[in-house]
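Since the structure comes first, as structure tokens, the remarks are kept for the end.
The values are calculated or read from the model by the stated rules, or taken from the named source; none is laboratory data. This structure is a prediction, so every number in the text was calculated from the model and none was measured. Backbone-built Cβ (ideal geometry, glycine too); neighbour counts: all protein chains shown. Areas reflect the complete protein model, heavy atoms only, side chains present, ligands, DNA and RNA absent. Shrake-Rupley method; radii C 1.70, N 1.55, O 1.52, S 1.80 Å.
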Amino acid sequence: MSLSPDDVKRIARLARIETSDAEAQATQAQLNTIFDLIAAMQAVDTRGIAPMAHAQEVFQRLRDDAVTETDRHAAFQAVAPAVENGLYLVPKVIE
Amino acid sequence: MKWETVIGLEVHTQLATRSKIFSGSSTAFGAAPNTQASAVDIALPGVLPVLNKGAVECAIKFGLAIGATLNRVNVFDRKNYFYPDLPKGYQISQLAKPIVEGGALKIVVPSTDSGQSEDKVVHLTRAHLEEDAGKSLHEDFHGMTGIDLNRAGTPLLEIVSEPEMRSSAEAVAYARALHTLVTWIGICDGNMQEGSFRVDANVSVRPVGQAEFGTRREIKNLNSFKFLQQAIDYEVHWQIETLEDGGRIEQATVLFDPDTGETRMMRSKEDAHDYRYFPDPDLLPVKLDEPWIEAVRAALPELPAAMQARFQNDYGVSVYDATVLTGSRALADYFEGVARACGQGKLAANWVMGELSAALNKAELDIAQSPVSATQLGTLIARIQDGTLSGKLAKQVFEGLWEGAGEVDAIIEARGLKQMSDTGELEKIVDEVLAANPKSVEEFRAGKEKAFNALVGQVMKASRGKANPAQVNELLKARLQ
């Protein structure tokens, strides 16, 4: 499988990354080498091997259900571009 | 053409944990904006999620309660999309290996036509853990949107049914049964106004007999059973009309507007999201070990379905009554308290679902706030059973209990509500009534049944409601033979 320039543009748009045609072309070549690597790995016979969700055979440690955080919104909001009534203000986006 | 409706529901239940699913922030509702949003919840760089054991346990409880498969190893994935109330740019969810798969829920669908209720089993596809997003406030902030991230990271269990419901009534019955179950086992507070139980409905129609499904539209975010029913009814009507007019249905996400009662398109399939799911590298697979599962199983309360069967067996109530009485744990416990106190299951059910429910509704009270205790109501019913009270007098005693006038026997005594037991006294009244109403007597003898009822009414009136109606019937019949 290899990517077309349109695929690259679409992926960039989904990730909200602005790309020029030249960048898209360069990225396309780089991404395709990654796809080649994936293709090489897919040639390995993995029949009978359960897929893993993580590189190591370890499991998630769990936290007890307890409130341990305190209110630090003043510190967090000190670096926010715009704040009002305790809310973060962002450009209007309505879905 | 005859059409068949096909409905599947996705329900987001907010889990009743103290802290969030991946951080130690509080999940309490109604706090000032952003005061319960930690570095993890607002996605500061370098932070890592740590999974809440309580949230996992809620999912285990649910899986056990519906007889589902618990995936001993389950995995969290990233669901990628951009929206300002999702600070990480992805939601942590479960796609390929959810914690719960399969299972089933028994529902009872009340039928409007026959008055008979119908049993049905709805199968579940899956239930998975995920985090909630924050809230966007689009009021006027100089043309900008305000973001409150208190809700971001609140644990949710998304419960997905198979497309097995065939009417809005079935969808509502399923949603209600699910609501009862999650509150019953204590994993969700069930508060629909606060968004703790939100329903998405996938709706399609197809000609009766057609095997494949029609194209579905998804109605998002319904937060009451009434809206769920209205939205589905409107949507089904709209889809059938569109198809009969020669149009076709396009896959879409729609919103229901309670003010107009209509659904409108939010986005079509063309601009549907491409979420680019992949396993979250920040979280390891979750392992459920057998001792944990067995401990959770042992701590589960008796479930609604088991209790319904027991109520039918032990107390002789109908399927429908058993379903209503197990609408919540508080109600079920109350009913059982009444039934035990009086030893009359059917009468107890009638009083709890009739007089008591009506009074509670009128006063806008919950069963837990009932001014009349289960023991008091049980005693009252016992007094009907032993002949002390007629049904009518019992209602007066009930009013006394409701007003807090004391215990059953004290109210009967104080208000002189005891049913007349002296036959001689009653015979006297009957004779007086017969003498005073020769016309009714004549009519009855001429074959008019109604006249008999008029005479019973007169006797009851003369006894000021204290005569035993069965006794009155008997005496009157004897005299008129």
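Summary of computed values
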{"quantity": "Residue under evaluation B:A467, criteria (1) modelled with pLDDT under 85; (2) among the aliphatic types (A, V, I, L, M); (3) open to solvent by 60 Å² or more (accessible area, probe 1.4 Å), criterion not met", "calculated": "(3)"}
{"quantity": "The lone exception for B:F82 - which of (1) without any contact (Cβ under 8 Å) to a residue 12 or more places away in the chain; (2) more than 30 Å from A:V83 (Cβ to Cβ); (3) of a type in the set (F, W, Y) it fails", "calculated": "(2)"}
{"quantity": "Residues of the range A:35-50 satisfying the condition of being within 21 Å of the chain's Cα centre (by Cα) and either closer than 27 Å to B:P84 by Cβ or within 14 Å of another protein chain (Cβ to nearest Cβ) (or both)", "calculated": "A:I38"}
{"quantity": "Flag for B:Q385 being under 16 Å from B:A339 (Cβ atoms), open to solvent by 50 Å² or more (accessible area, probe 1.4 Å), out of contact with any strand residue (DSSP E or B) (no Cβ under 9 Å at 6 or more places or on another chain) and not aromatic (F, W, Y)", "calculated": "yes"}
{"quantity": "A:V67 vs. criteria of a type outside the set (F, W, Y) and farther than 30 Å from B:K287 by Cα", "calculated": "no"}
{"quantity": "Top-ranked residue in the range B:273-327 [being among the polar types (S, T, N, Q) and in a loop (DSSP other than H, G, I, E, B); ranked as farthest from the other protein chains (Cβ to nearest Cβ)]", "calculated": "B:S318"}
{"quantity": "Qualifying residue in the range B:74-93 (condition: within 14 Å of another protein chain (Cβ to nearest Cβ), in contact with a helix residue (DSSP H, G or I) (Cβ under 6 Å, 6 or more places away or on another chain) and either surrounded by fewer than 19 Cβ atoms within 10 Å (Cβ to Cβ) or within 30 Å of A:P51 (Cβ to Cβ) (or both))", "calculated": "no"}
{"quantity": "Residue within the range B:248-258 that is outside any loop (DSSP other than H, G, I, E, B) and open to solvent by 80 Å² or more (accessible area, probe 1.4 Å) present", "calculated": "no"}
{"quantity": "Flag if A:A78 is more than 7 Å from every other protein chain (Cβ to nearest Cβ), farther than 14 Å from B:A37 by Cβ and at pLDDT 95 or above", "calculated": "yes"}
{"quantity": "Candidates A:H54, A:H73 - the one that is at the interface with chain B (Cβ under 7 Å from one of its Cβ atoms) and touching a Ser or Thr at 6+ places or on another chain (Cβ under 7 Å)", "calculated": "A:H73"}
{"quantity": "Scope the range B:37-51; condition open to solvent by 30 Å² or more (accessible area, probe 1.4 Å) and either under 21 Å from B:G186 (Cα atoms) or touching a strand residue (DSSP E or B) at 6+ places or on another chain (Cβ under 9 Å) (or both); matching residues", "calculated": "B:V50"}
{"quantity": "Within the range B:458-481, tally of residues that are basic (K, R) and under 12 Å from B:E425 (Cα atoms)", "calculated": "1"}
{"quantity": "All positions within the range B:338-376 that are farther than 16 Å from B:F398 by Cβ and of a type outside the set (D, E)", "calculated": "B:A339, B:R340, B:G343, B:G345, B:K346, B:A368, B:Q369"}
{"quantity": "Test: residue in the range B:255-272 that is out of contact with any helix residue (DSSP H, G or I) (no Cβ under 7 Å at 6 or more places or on another chain), under 30 Å from B:T69 (Cα atoms) and within 14 Å of chain A (Cβ to nearest Cβ)", "calculated": "no"}
{"quantity": "Residue that is farthest from the other protein chains (Cβ to nearest Cβ) [pool: residues in the range B:13-29 that are open to solvent by 30 Å² or more (accessible area, probe 1.4 Å) and either outside any loop (DSSP other than H, G, I, E, B) or free of Cβ contacts under 8 Å to residues at least 24 places away in the same chain (or both)]", "calculated": "B:Q14"}
{"quantity": "Those residues of the range A:6-24 which are surrounded by 13 or more Cβ atoms within 10 Å (Cβ to Cβ) and not small (G, A, S), in sequence order", "calculated": "A:D7, A:V8, A:K9, A:R10, A:I11, A:L14, A:T19, A:E23"}
